[in-house]
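Below is one structure; the comments refer to it alone.
The values are calculated or read from the model by the stated rules, or taken from the named source; none is laboratory data. Given the structure is predicted, the values throughout are model-derived calculations rather than measurements. Virtual Cβ from ideal backbone geometry, glycine too; neighbours counted across all protein chains shown. Side chains are part of the model used for accessible areas, which takes the heavy atoms of the whole protein and leaves out ligands, DNA and RNA. Shrake-Rupley method; radii C 1.70, N 1.55, O 1.52, S 1.80 Å.
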Amino acid sequence: MLTLKMFLNGQEVSVDVEPGELLADVLRDKLGLIGTKISCGEGECGACTVLVDGKAVDSCLYPVLKAQGREVITIEGLGQDNRLDTIQQAFVDKTAPQCGYCIPGMVISAKALLDENPHPTRKEIEEGISGNLCRCTGYYQIIEAIELACERLAEEGGTG
Amino acid sequence: MSSKVVGQSVPKIDAATKVRGQRKFPQDFNMEGQLYAKVVWSEYPHARVSKIDLSQAEALPGVVAILTSKDVPVNEYGINIMDQPVLVGEGEKVRWLGDRIAIVIAESEKIAQEARQLVRVEYEPLPVVTDPREAMKPDAPLIHEERGDSNILKHIKIRKGDIEKGFAEADVIIESYYLTPHVEHAYMQPEAGVGYIDEQGRVTVIAAAQWSHDDLHQISHMLDLPLDQVREIVPAIGGAFGGREDMYIQHLLALCAYCVRRPVKMVFDREESVMRTGKRHPYYMKYKWGATRAGKLTAMEMEIISDAGAYASTSVPVLSNSASFAAGPYVVPNAKVDAYTVYTNNAVTMAMRGFGSTQPPVAYESQMNKLAEALGMDPVELRMKNLLEDGSIALTGNPMPPGVGVKETLRQTALAAGWKEEDGVWIKPGPGLPSAPYKRRGIGVACGYKNVGYSFGFDDKTRAIVELALDESGEIARALVKLGASDQGMGAHTALAQIAAEALGIDYEKVRVALVDTSVVPDAGSCSASRHVYMSGNAVIRACQEAARKREEAIQRGERRVSAEYEYHGRSVRPTTPYDDENGMCDPHIGYGYASQIALVEVDVGTGQTEVLKVWAAQDVGKAINPEMVKGQAGGGVHMGLGYALTEEFIQKEGLIKTRRFSEYHIPTVADMPREFIPLIVEVPDPTGPYGAKGVGEMTTLPTAPAIISAIHDAVGVWIDNLPATAEKVWRAMQVRS
């Protein structure tokens, strides 16, 4: 057992882990952050996407020890208190979630994209979520939600 | 009455918790002191189990119990016919790779995983049959000896008019043979859940399910317990599409809890979800259609063979649907249908979005497009001459009930896609210039229709309770709708809350829909057959009307709580009847929904690769309770239809499953979807629907594949009658043609 320290959703966290454990399992089973979903277990679907030092990664493939000393943001780290962040609110307003299992990963991928590129083209949005599978929506309302979030973030003058 | 809530795209009732990651799915539940279970799966598609040796597994520290067939009080289950063993014991047969030998229960998931690999099972392999056309033959190996001397599970016959006379009247006859593949539901949330004994001693399961009250019947039968001693709770469902209508984990969790009397958690990984659970039926469809030079259909002869896989599941009702829709949404005076569903050693096949109405359009719409080409007639115009209208006599001899909107969906789609119409003559637009000299463009059209609610004399019903809390002045402060209607994600609970708000004349925000917990909510039937808006919506309206009446009395008495209940039966408005054994005539369905789509594609002539550039999709939903949710269903329907047409291949060889995960089973990514998508909502009301509403979810996927197939033909001149139209298949067909 090793003690891992990371900055998780803005707070320093220590957790005992075994070498070889995966970030997704530690988040879900040891830290109770169930918003990160596991679906394919092989990095194909993006349901487990989290941010590590601002980059979107598949946490179901990410060795937890690599997160040592890094900043990790999960879906629980977005928004404040009971307020949704801009991207989350846009997903609600555009009826983007259906079953919702892919949605935390989609929102995190959208955040990674917009943090880096606040004014993406339609094609760049598609590329930004091309690693996230959804079986319900056909992706259209998800794309619309990200477009709406871009507009609102531009009005707010930040990247939420 | 002008509607205030119905017809508005209000936010989905669970959207905010879903975007926060707070909404709990079955794998998100953990209980104090829980154990972990793993299944020991069959290794053969057809074999007799000769020996099960648990000794090594049992010796592993941390293993709590290993359940085998001896531990199952009544070792059988099945949604339609109880032909499935829960666990296969020594001396018994496995019939596909999804059969189970044992369940290992341990203190940790890791130990359970390790222990299941230590269970030694010896098999005597038996002859395997995987092609239903072979399995139908009298000398084929029998899959279920106990069920008679044939693998044919059901044969449905329809005999209408005189097909010989009809073909003699035809100027053009088109004959083709169509094959559609197995399809994996590929919901994002793999099967998972927890089984435990609740505080009242009930065997309780938390899992995703489409029809909890039916699961209860099967679980109580399996455990030989009274119904009130079992309970199922359904949290958020991570997609279902028919795949959770049968039990794949619910009964296993119940058995674990029943045997060890402690909470037991089980989570399937993606490989288990893909390899060990049911699929959409593959179909083999032989079609012969005739039409006059003027474009009137005169005769149809169809043979449909469906691969039921190892167990019946809902193969018989799925086939029943297919036979009734075999002619497509067209009037034909003379028809003959022979439809069969046959046991094989392939994956179990079951409900999947369309329930037997998804395979026939691949055949019937390609037939229409081929006829149009042979007649030199526009494909929209040919359809307009033959499409069903109110009162038209359908294939099964019944008049179509009011609200037939298929022509309107086709008219709106065609006009949106650039067709011109003058005096009944339709002219197709050009597909535009290809993006590269080695690419060709094409445009294709297709229609589809499907039943809403359960058919063929089944007493489809839904029961709803509405509870009101009144404020001091007697106004409704809150309303709670209780019914066992699962919401797979499409928004059933949102739509039902809107319907309740409308019926009560209150704000949507004041309505809540109870979590499905069979100890609290009444049976509302399955979340399938695109039925909850129609069936449960009708029940909710009536329960609300009753609650409103009771509210007046409550105010008189100074009471603040009101509760009302209503059970709605589909037969109260439209009784349905089963097939006549000899000629198949019947009144099959309660209601219908309709759709038309047009696809614009570009095919790379060097590789055969097809890109879908644009889809126009019109669905007649009667009344859009929530237009944005309808558009969401359209997008999802096109997604599945596009995968069906082009990319999704579930490969089995001699009963062994070769497709195991998402890297091998290609559901469309955002990059595969048409860049342009034009959903069109058509509202031809069904007078019996809530506010005129019909069903939505399934119809949106029916026309996609045949529209794409037709567009590929328009682009490069080849018909792909064997889905999916992979690049290789298209390229090879082009080589043969040239």
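Here are some notes:
- Note on segment B:236-388: Rg/Rh from Cα positions, Kirkwood definition for Rh, rounded to two decimals, is 1.15.
- Dipole check for segment A:2-76: with +1 at the C-beta of Lys and Arg, -1 at the C-beta of Asp and Glu, and the Cα centre as origin, the magnitude is about 140 Debye.
- Simple rule: put +1 on each Lys or Arg Cβ and -1 on each Asp or Glu Cβ in the protein assembly as shown, find the dipole, and look at A:T3, B:V332, B:T659; the Cα lying farthest toward the positive end is B:V332.
- Kirkwood Rh, angstrom, chain A [1 / mean 1/r, Cα pairs]: 15.8
- Local electrostatic count, B:I304, Cβ distance below 13 Å [Lys/Arg +1, Asp/Glu -1]: +2
- Averaging the Cα positions of each part gives two centres, and for segment B:399-441 and segment B:88-116 these lie 53 Å apart.
- Label point of B:E654 set 7 angstrom out along Cα-Cβ; within segment B:65-104, amide nitrogens under 16 Å from it belong to B:96-97.
- For chain B, the Cβ-based charge dipole about the Cα centre amounts to some 1120 debye (Lys, Arg positive; Asp, Glu negative; other atoms uncharged).
- Legend: residues in segment B:593-636 shielded by at least 50 square angstrom of accessible surface upon adding the remaining protein chains to the isolated chain (1.4 Å probe, heavy atoms) are B:E628.
- Both chains summed, the buried accessible area for B and A stands near 3900 Å², from protein heavy atoms and a 1.4 Å probe.
- Pairs beyond 20 Å (Cα-Cα), from B:K165/B:K370; B:K165/B:K288; A:K5/A:K30: B:K165/B:K370
- Segment A:2-76, relative contact order [Cα under 8 Å, separation at least 6], %: 39
- For chain B, averaging the sequence separation of C-alpha pairs within contact (under 8 Å, six or more residues apart) and dividing by the residue count gives a relative contact order of 16 percent.
- Other-chain or far-sequence residues with amide H under 5 Å of B:N722's (modelled H): B:L179
- For chain B, diffusion coefficient by Stokes-Einstein and Kirkwood Rh (Cα), 25 °C, 0.890 mPa s, µm²/s: 92
- With Cα atoms, 0 to 90° folded angle of helix A:140-156 axis to chain A main axis: 90
- Distance between segment B:167-242 and segment B:39-70 - C-alpha centres, whole angstrom: 26
- Compactness index (Cα Rg / 2.2 N^0.38 Å), segment B:584-689: 1.37
- Shielding by other protein chains, B:181-187, mean Cβ within 10 Å: 2
- Applying the criteria of a DSSP loop state and at most 11 other Cβ atoms within 10 Å to the chymotrypsin sites (Phe, Trp or Tyr not before Pro) of segment B:390-462 yields B:Y438.
- Alpha-carbon radius of gyration plus Dmax, which is the widest Cα pair, for segment A:2-76 in Å: 10.9, 30
- Backbone phi angles across segment B:407-418, fed through the Karplus curve with coefficients 6.51, -1.76 and 1.60 (θ = phi - 60°), yield HN-Hα couplings of 4, 5, 5, 5, 4, 5, 5, 4, 5, 5, 7, x Hz in residue order; Gly and Pro are listed as x.
- Across segment A:40-98, the fraction of Cα-Cα pairs farther apart than 14 Å, rounded to a whole number, is 64%.
- Taken per residue, the accessible surface of chain B reaches 33 Å², heavy atoms only and a 1.4 Å probe.
- Partners for B:K631 among lysines (Cα-Cα distance below 16 Å; same-chain residues under 8 apart left out): A:K94, B:K12, B:K614, B:K623, B:K694
- Carbon and sulfur %, accessible surface of the protein assembly as shown computed with the full protein complex present, 1.4 Å: 48
- q = 0.15, 0.20, 0.26 Å⁻¹, segment A:86-156: log10 I(q)/I(0) [Debye, one scatterer per Cα]: -0.39, -0.71, -1.25
- Against chain A, whose longest principal axis is taken from its Cα atoms, helix A:103-116 shows a tilt of about 80°.
- Since only B:M222, B:M368, B:G201 are under comparison, the one whose Cα sits farthest along the positive direction of the charge dipole of the protein assembly as shown, derived from C-beta charges on Lys, Arg, Asp and Glu, is B:M368.
- Leading residue at positive end of dipole, the protein assembly as shown (Cβ point charges), from B:A299, B:A599, A:S130: B:A299
- Inter-probe distance in nm under a simple model that places probes 7 Å from Cα toward Cβ, at A:S14 and B:K4: 5.8
- Residues B:F458 and A:T3, FRET efficiency given R0 of 51 Å [Cβ-Cβ distance, rounded to 0.05]: 0.30
- Using a Förster distance of 41 Å, the FRET efficiency for B:R737-A:T121 (Cβ separation, nearest 0.05): 0.60
- For segment B:513-614, the set of GluC sites (Glu not before Pro) satisfying both a DSSP loop assignment and a count of at most 15 other C-beta atoms within 10 Å is given as B:E559, B:E582.
- The stretch between B:S435 and B:A168 holds 91.5 nm of extra length on full extension. This uses 0.36 nm per residue minus the Cα-Cα distance.
- Cα shape, the protein assembly as shown, gyration tensor, a/c 1.5 rule: rounded
- Summing charges over all other residues whose Cβ lies under 14 Å from the Cβ of B:G432, with Lys and Arg as +1 and Asp and Glu as -1, gives +2.
- Summing charges over all other residues whose Cβ lies under 11 Å from the Cβ of B:P181, with Lys and Arg as +1 and Asp and Glu as -1, gives -2.
- Cα-projected label distance for A:Q68 with B:I555, points at 7 Å along beta-carbon direction, nm: 7.1
- Charge dipole (debye, nearest 20) of the protein assembly as shown; +1 at Cβ of Lys and Arg, -1 at Cβ of Asp and Glu: 840
- Between B:S50 and B:R675, the contour length at 0.36 nm per residue exceeds the alpha carbon distance by 219.5 nm.
- List of segment A:24-64 residues, accessible area with partners at least 20 Å² below that of the chain alone (1.4 Å probe): A:R28, A:I34, A:K37, A:S39, A:C40, A:E42, A:E44
- Projected onto its three principal axes, the C-alpha set of segment B:661-706 covers 46, 25, 19 Å, listed from the longest axis down.
- In this label model, B:N722 and B:I81 are separated by 2.9 nm, measuring between points 7 Å along each Cα→Cβ vector.
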